[in-house]
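Please treat every number below as a calculation from the coordinates, not as lab data. Quick caveat: nothing in here was measured; it's all calculated off a predicted structure. No Cβ is skipped: glycine too gets one built from the backbone with ideal geometry, and neighbour counts run over all protein chains shown.
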Amino acid sequence: MSSNINSVFYAESYHPIQAGSIDGTDILPHDNAVYRALLCSNAALYDPTGDPKIIGDPYCTVFVGRLSHLTTEPTLHKAMSKYGRVKNLRLVRHIVTGASRRFAFVEFETEREMRRAYQDAHHAIIDDAEIIVDYNRQQLMPGWIPRRLGGGLGGRKESGQLRFGGRERPFRAPLQPIPYEDLKKLGITPPPEGRYMSRFQVPSPPRKPRKLVEKEEYSYKRSSVDREELSQRSSSMERDEHRRTVGRKQGSRKRSYVEEESQYGKSSEDRPECSPNTTSIETDHNYKSTLDREEHYHSRSNAEGGEISRKRSSRYKEERPSKRHRHYSRSNH
């Protein structure tokens, strides 16, 4: 028994009577708060998942307690960002006054970052206050009852309501015989005899079950596949839209050619017909040849018009002196 003097153990599930015992072997509640917590536990009056303000992954969330009244969300976010990427932060405040209740829940991006904060941020100093860091027992510890209902863990000596089994105040290895039968009747987990820990050892927080990990990996792979299919579908839609745009442009070119052809009196037999099997290269070639013929037609019309105008001007110059001579002879007579 002497070897157990400096040995401790930690609670894996919560029982109000055991939490009020320094060595985890009590079978009767020793204060009214423990009795109240026991009634809430037996009547299932507390639902840890019923709080609408609880969000995020509990396996990536740490509890931060004993904060200063002056600590705000930005200050806490800056302090906890040293240990990883903070995804979400909730500083619990009084529902009426809005004052800080001096504890918060900080969610990190990954479980690895949460464990780093759990390991290194414990007893850190924020705004001249020494904080404590624990895992999210509200959602991960079976049978949890909060402090406001007489449960919780830790506490100060002056309060007269110390609670054991947590990281700050673990159970001490019992020095007296353990009443296994009585503990079994109450549903209390007996002390792990022969598997005690040293006071300086850090208890490991619960790990995410393998089923949840596999489910998250499957959902991540499925979302990756969905994103890839969505990108492929969007690219195919863009290609179809591009093809439709090119088709509309070619159709407008054909219509403009038909209108110009009808305007200049060309017969429909001279138009290059575009069959459904005609390729885009043949269509472009036909369109270029059509433009060449139109340009030749316009240049020829302009040349013929210029020739006619030159003939008219030369004829006018020849007739003008004779008219002037006849007018002069009439005036002399």
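Before moving on, here are some points about what is shown:
- Computed from phi, the 3J(HN,Hα) profile of segment 29-41 under the Karplus parametrisation 6.51, -1.76, 1.60 (θ = phi - 60°) reads x, 9, 8, 5, 5, 5, 5, 5, 5, 5, 4, 4, 5 Hz, with x in place of Gly and Pro.
- Sequence ranges 38-49, 53-64, ranked by mean other-Cβ count within 10 angstrom, highest first: 53-64, 38-49
- For segment 37-61, no residue has its backbone nitrogen under 11 Å from a point 7 Å from the Cα of ARG210, taken along Cα to Cβ.
- Protection proxy ranking of 66-78, 196-208, 9-21, 138-150 - average other beta-carbon atoms within 10 Å, highest first: 9-21, 138-150, 66-78, 196-208
- Computed about the Cα centre, the dipole magnitude for segment 51-141 is approximately 100 debye when only Lys and Arg (+1) and Asp and Glu (-1) carry charge, each at its Cβ.
- FRET efficiency for LYS78 and GLU193, using Cβ-Cβ distance with R0 set to 35 Å, rounded to 0.05: 0.20
- Ranked packing of 120-130, 231-241, most packed first, by mean Cβ within 10 Å: 120-130, 231-241
- Whole-number percent relative contact order across segment 51-141, with pairs defined as alpha carbons under 8 Å at least 6 apart: 40
- FRET E, pair SER236, ILE55, Förster distance 56 Å, beta-carbon r, rounded to 0.05: 0.90
- Here's the picture: a label point sits 7 Å out from the Cα of GLU12 along the beta-carbon direction, and within segment 178-206 the residues with their amide nitrogen under 17 Å of it are 184, 187-198, 202-206.
- Förster radius 30 Å - calculated FRET efficiency between LEU45 and HIS94 (Cβ-Cβ, nearest 0.05): 0.85
- Within the shell of other residues whose beta carbon sits under 15 angstrom from the beta carbon of PRO179, the net charge comes to -3, with Lys and Arg scored +1 and Asp and Glu -1.
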